[in-house]
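Below is a structure I'd like to ask you about.
The values are calculated or read from the model by the stated rules, or taken from the named source; none is laboratory data. Keep in mind the model is a prediction, meaning the values are calculated, not measured. Methodologically, a virtual Cβ is constructed for each residue, glycine included, from the backbone with ideal geometry; neighbour enumeration extends over all protein chains shown. The accessibility values were calculated without ligands, DNA or RNA, using every heavy atom of the protein model including side chains. Shrake-Rupley method; radii C 1.70, N 1.55, O 1.52, S 1.80 Å.
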Amino acid sequence: MSSDQRFFDFLKERIGLDVTSVGPAIIERAVRQRTTLSQAAHADEYWQLLQGSRDEQQALIEAVIVPETWFFRYPESFATLGKLARQRLAELNNMRALRILSLPCSTGEEPYSIAMALLDAGIKPHQFKVDGMDVSPLSVDKARRALYGKNSFRGQDLDYRDRHFSAEQDGHRVNETVREQVRLQVGNVLDPTLLATEPAFDFVFCRNLLIYFDQPTQQQVFEVLKRLTHVDGVLFIGPAEGSLLGRLGMRSIGIAQSFAFSRQSHPQPETMPISKPVALPVSQPIRSTPPPPVRNRPFAAPTPLPVTSKSANPDAATLLANIAALANEGKSAEARAACDQYLRSHEPVAQVFYWLGLLSDVAGLTLEAQGFYRKALYLEPQHPEALMHLAALLQAQGDSVGARRLQERAARSGRTADSERKR
């Protein structure tokens, strides 16, 4: 057993974290950091300290959890929520307020975005209430302060900031009208009795959490989420988690780019159009170095785009930057065309095939996505994002052995990168 296995096991037990989903280097770094800060002489002494201190246990969890979120992440999810909320109120004959849950709520951007989206959709304050919950007391405390810096505001459309925030010296504070709609508290989704005395929620947001768990923990957490979601409710998840929910018996509601699922026996066709293309950020795993910008953004419905002339032939760096920019703006067809232009003009690189894989993945073209991810790995065998996304696809298809093999490769890649940074 590795000297750090006990720490891996501790985090698995407390927060469900599967070490292969983030790589051992992340956890090892957090242990070293807490060992130093607690003035323990070595890992064994720190382990003894950890066993006897709930505060230190929480401090280690906080060191591993790196919040990465911003307002109106996955914009189409919030647009869909507004439409569904109006329908749900009509079904209820306005006899009670809607109940919405954000879990994990991180530092508050998501539950406040939910409240802003509903207010902007014409839902009255007395018609809904939002609960935000997270395992991290530090994140919940920050959410309660409701003061945010520029990193919480991304994308081109920031009109909501003028409507729902007031500018202060240290950032922008959420207006009281929005704050009053949100109740924040600490809670752990691994707790089978979580919110057991509360009525079920009409809408539950649990995005980019299941991907950090192994299969048994995913099943355990899903049972909690299913209990928390009203039988006629909707569960919003992350882009990489759709195949998993399908395997667990949920069905997409059929609105593109909403990543919304229900227990409907007869879901609407998945070809339902959306009103306009929007940029949709994808989950960012807990990691020490940020991935390329497009890693965090799956893409909206394609729009026609003329193929760029091969004679243009801009330099590789310009084309790569253009791909990232188009992807960040949610322009799926344009991003794909830019990838094609790169491959016509330059030697192939793994990142371009990874982007093509992600575009296909989000569009539901599973086999095509697998092919692109494998091409990326042929060119760069340890490409971490391609490894993890291909692993997720294999897991959804029931190939647990293949998925685990890829996850282990990604974990080894993380350890290697960490070693390189130390030199």
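Just checking, does the stretch 63-77 include any residue being over 30 Å from Gln127 (Cβ atoms), open to solvent by 20 Å² or more (accessible area, probe 1.4 Å), assigned to a helix (DSSP H, G or I) and not acidic (Asp, Glu)?
There is at least one residue in the stretch 63-77 that is over 30 Å from Gln127 (Cβ atoms), open to solvent by 20 Å² or more (accessible area, probe 1.4 Å), assigned to a helix (DSSP H, G or I) and not acidic (Asp, Glu).
Report yes if Ile27 is assigned to a helix (DSSP H, G or I) and either over 30 Å from Gly171 (Cα atoms) or open to solvent by 10 Å² or more (accessible area, probe 1.4 Å) (or both), otherwise no. First the steps, then the outcome.
Working: assigned to a helix (DSSP H, G or I): yes; either over 30 Å from Gly171 (Cα atoms) or open to solvent by 10 Å² or more (accessible area, probe 1.4 Å) (or both): yes.
It is true that Ile27 is assigned to a helix (DSSP H, G or I) and either over 30 Å from Gly171 (Cα atoms) or open to solvent by 10 Å² or more (accessible area, probe 1.4 Å) (or both).
Between residues in the stretch 75-101 that are more than 20 Å from Val182 (Cβ to Cβ) and in contact (Cβ under 8 Å) with a residue 12 or more places away in the chain and residues that are among the polar types (S, T, N, Q) and buried (at least 21 other Cβ atoms within 10 Å of the Cβ), which pairs lie under 9 Å by C-beta distance while being six or more apart or on different chains?
If the second residue must be among the polar types (S, T, N, Q) and buried (at least 21 other Cβ atoms within 10 Å of the Cβ), the pairs left are Glu76/Gln257; Glu76/Ser258.
For every residue, the table says whether it meets (1) in contact (Cβ under 8 Å) with a residue 12 or more places away in the chain; (2) under 28 Å from Ser152 (Cα atoms); (3) of a type in the set (Gly, Ala, Ser); (4) part of a strand (DSSP E or B).
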{"residue": "Asp162", "(1), (2), (3), (4)": "no, yes, no, no"}
{"residue": "Val234", "(1), (2), (3), (4)": "yes, yes, no, yes"}
{"residue": "Gly242", "(1), (2), (3), (4)": "yes, yes, yes, no"}
{"residue": "Leu245", "(1), (2), (3), (4)": "yes, no, no, no"}
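Still on this structure: Restricting to the stretch 192-222, name every residue that is surrounded by 14 or more Cβ atoms within 10 Å (Cβ to Cβ) and among the small types (Gly, Ala, Ser).
Across the stretch 192-222, the qualifying residue is only Ala200.
I'm trying to understand the selection: among the residues of the stretch 120-131, which are out of contact with any Phe, Trp or Tyr (no Cβ under 8 Å at 6 or more places or on another chain) and open to solvent by 40 Å² or more (accessible area, probe 1.4 Å)?
Listed by number, the residues that qualify are Gly122, Lys124, Pro125, His126, Lys129.
Does Ala333 satisfy being modelled with pLDDT of 75 or more, in a helix (DSSP H, G or I) and not hydroxyl-bearing (Ser, Thr, Tyr)?
On the way: modelled with pLDDT of 75 or more: yes; in a helix (DSSP H, G or I): yes; not hydroxyl-bearing (Ser, Thr, Tyr): yes.
Yes, satisfied.
Do we have Arg99 as open to solvent by 30 Å² or more (accessible area, probe 1.4 Å), in contact with a Gly (Cβ under 8 Å, 6 or more places away or on another chain) and charged (D, E, K, R) here?
Working: open to solvent by 30 Å² or more (accessible area, probe 1.4 Å): yes; in contact with a Gly (Cβ under 8 Å, 6 or more places away or on another chain): no; charged (D, E, K, R): yes.
Considered against the rule, which asks whether it is open to solvent by 30 Å² or more (accessible area, probe 1.4 Å), in contact with a Gly (Cβ under 8 Å, 6 or more places away or on another chain) and charged (D, E, K, R), Arg99 comes out as no.
For every residue, the table says whether it meets (1) of a type in the set (D, E, K, R); (2) touching a residue at least 24 places away in the same chain (Cβ under 8 Å).
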residue: Phe7; (1), (2): no, yes
residue: Arg14; (1), (2): yes, yes
residue: Thr20; (1), (2): no, yes
residue: Gly23; (1), (2): no, yes
residue: Arg29; (1), (2): yes, yes
residue: Gln33; (1), (2): no, yes
residue: His42; (1), (2): no, no
residue: Tyr46; (1), (2): no, no
residue: Gln51; (1), (2): no, no
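Then there is this: Is at least one residue of the stretch 189-202 polar (S, T, N, Q) and not in a helix (DSSP H, G or I)?
Step one: of the stretch 189-202, the residues polar (S, T, N, Q) are 193, 197.
Add one more test, that the residue is not in a helix (DSSP H, G or I), and what stays is 193, 197.
Yes, the conditions are met somewhere in the stretch 189-202.
Open to solvent by less than 40 Å² (accessible area, probe 1.4 Å), of a type in the set (A, V, I, L, M, F, W, C) and modelled with pLDDT under 95: which single residue out of Val189, Val178, Val174, Val182 fits that description? Spell out the reasoning first.
Numbers: Val178 fails: modelled with pLDDT under 95; Val174 fails: modelled with pLDDT under 95; Val182 fails: modelled with pLDDT under 95.
Residue meeting the stated conditions: Val189.
Another question about this same structure. Looking at the stretch 19-30, is at least one residue within 23 Å of the chain's Cα centre (by Cα) and of a type in the set (Ser, Thr, Tyr)?
Yes, some residue in the stretch 19-30 is within 23 Å of the chain's Cα centre (by Cα) and of a type in the set (Ser, Thr, Tyr).
Then there's this: Might you let me know whether the stretch 130-147 holds any residue that is modelled with pLDDT of 95 or more, over 25 Å from Gln58 (Cα atoms) and over 21 Å from the mean Cα position of the chain (by Cα)?
Looking for residues that are modelled with pLDDT of 95 or more, over 25 Å from Gln58 (Cα atoms) and over 21 Å from the mean Cα position of the chain (by Cα), one finds none in the stretch 130-147, hence no.
(1) part of a helix (DSSP H, G or I); (2) open to solvent by less than 30 Å² (accessible area, probe 1.4 Å): which one isn't true of Cys105, the others all being true?
It fails just one condition, (1).
Just need a number here: residues in the stretch 378-401 that are in a helix (DSSP H, G or I) and under 28 Å from Pro216 (Cα atoms).
Within the stretch 378-401, the first condition is being in a helix (DSSP H, G or I), and the residues that meet it are 378-379, 384-396, 400-401.
Going one step further and asking which of them are under 28 Å from Pro216 (Cα atoms), we end up with 384-396, 400-401.
Number of matching residues: 15.
Could you grab me the full set of residues in the stretch 132-169 that are in contact with a strand residue (DSSP E or B) (Cβ under 6 Å, 6 or more places away or on another chain), under 30 Å from Asp55 (Cα atoms) and open to solvent by 10 Å² or more (accessible area, probe 1.4 Å)?
Listed by number, the residues that qualify are Pro137, Arg144, Leu147, Gly149.
Considering only the stretch 42-62, state which residues are surrounded by fewer than 19 Cβ atoms within 10 Å (Cβ to Cβ) and either within 18 Å of Phe203 (Cα to Cα) or among the aromatic types (Phe, Trp, Tyr) (or both). Before you say what the answer is, go through the steps one by one.
Going through the stretch 42-62, the residues surrounded by fewer than 19 Cβ atoms within 10 Å (Cβ to Cβ) turn out to be 42-45, 47-49, 51-59, 62.
Residue satisfying the conditions is Trp47 alone.
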